[in-house]
Amino acid sequence: MTEPRRTLLDNPLVATPLSALLWAGDVLIVIAWTPAVALFRLFTRLSDPNRYRVGRLMHSSAAFAARINPFWDFRVVDGVHPDARRPYLFVCNHKSLADVFLLAMLPWEMKFLSKESIFKIPLLGWQMRVAGDIPLERGDKESARRALGQMRERLLAKSSVIVFPEGTRSAEGTLGQFRDGAFRLAIELDVDIVPLAIQGTETALPKHSLRFRRTKASVTVLPPVSTAGLGAADAPALAEKVRGQIAAVLGVE
């Protein structure tokens, strides 16, 4: 990504209070979205049993927050246009908390596999559960088993799921190894995998910081990878193949 020309937004005396105002705005967005999500779920419970539309509504709040953030210039690069109503396992590298805001700008619904702690945030966590997102406690085998079961349920119900197979945010400029659990599930259910490559978000909201930085970032949608004819033993090689495709976009090993 090209380094943006410096402006007042790069001055900490401006960026720090403005970031605080934007975080307050994000809280207000969550509050405003809560009754909308509740009413929408109430009236579409029968017509939207898989929570596709209510999930799309809920996740649109993150996309809205990203678009109104003056620090961020986020864009989607999609020459693939996956079928929005076909279930895929979306696989993405992970650089920053800002990744979720960027991914929410994609024009289809996905159920996010997210840290259990996020689901404990008032109102936001409730919305995520209503939307069908999936909690995971890192390092807890029982939580991982439950999450895998919920991922299976979502995919069988024709809802797409997105995972970060590195397990945690990667160090700047690197791409971690991909865990193969989700790939085994995709093979079992004969679900295609769509790789997503995120670039630039590591500067949008640096780790251990709440101050936004001016950033140009993008998510690139790569062609689906078929799991047809594969068995469980092929999962590690499949994970490495998808990782290689993302690494090629990022220009890393």
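Bear in mind these aren't lab numbers, they're just calculated from the coordinates by the rules spelled out. Since the model is a prediction, treat every value here as computed from it, not as a measurement. Note that each Cβ is placed from the backbone with ideal geometry, even for glycine, and that neighbours are counted across all protein chains shown.
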_Inter-probe distance in nm under a simple model that places probes 7 Å from Cα toward Cβ, at residue 137 and residue 27_ = 2.8
*What percentage of all Cα-Cα pairs in region 109-253 are separated by more than 18 Å?*
62
*In vacuo Debye scattering of region 8-250, one point per C-alpha: log10 I(q)/I(0) at q = 0.07 Å⁻¹?*
-0.23
_Could you work out the relative contact order of the chain? I mean the mean sequence separation of Cα pairs under 8 Å and 6+ apart, divided by the number of residues, in percent._
26
_Going by average Cβ density within 10 Å per residue, which order do the peptides 199-211, 22-34, 97-109 take, highest to lowest?_
97-109, 199-211, 22-34
*asked:* I'd like to know which of 247, 62, 205 lies farthest towards the positive end of the charge dipole of the chain, counting +1 on Cβ of Lys and Arg and -1 on Cβ of Asp and Glu.
replied: 62
*DSSP H helices in the chain with Cα extent of 18 Å or more along the helix axis and mean Kyte-Doolittle hydropathy at least 0.5?*
12-44, 235-250
*Dipole magnitude of the chain about its Cα centre, charges +1 at Lys/Arg Cβ and -1 at Asp/Glu Cβ only, in debye to the nearest 20?*
600
*Evaluated at 10 °C with a viscosity of 1.306 mPa s, what Stokes-Einstein diffusion coefficient in µm²/s does region 27-113 have when Rh comes from the Kirkwood expression over alpha-carbon pairs?*
111
*Arranged from highest to lowest average of other beta-carbon atoms within 10 Å per residue, in what order do the peptides 84-93, 243-252, 129-138 appear?*
84-93, 129-138, 243-252
*Work out the charge dipole of region 32-102 with +1 on the Cβ of Lys and Arg and -1 on the Cβ of Asp and Glu about the Cα centre, then indicate which of 37, 71, 100 is farthest towards its positive end.*
37
*asked:* Among 235, 195, 52, which residue has its Cα furthest toward the positive end of the charge dipole of region 8-250, with +1 on Lys/Arg Cβ and -1 on Asp/Glu Cβ?
replied: 52
*Peptides 41-51, 214-224 ordered by average Cβ neighbours within 10 Å, highest first*: 214-224, 41-51
*Go ahead and estimate [θ] at 222 nm for the chain from helices alone: -39,500 (n - 2.57) per DSSP H run with n ≥ 4, summed, over the residue count, rounded to 500.*
-13500 deg cm²/dmol
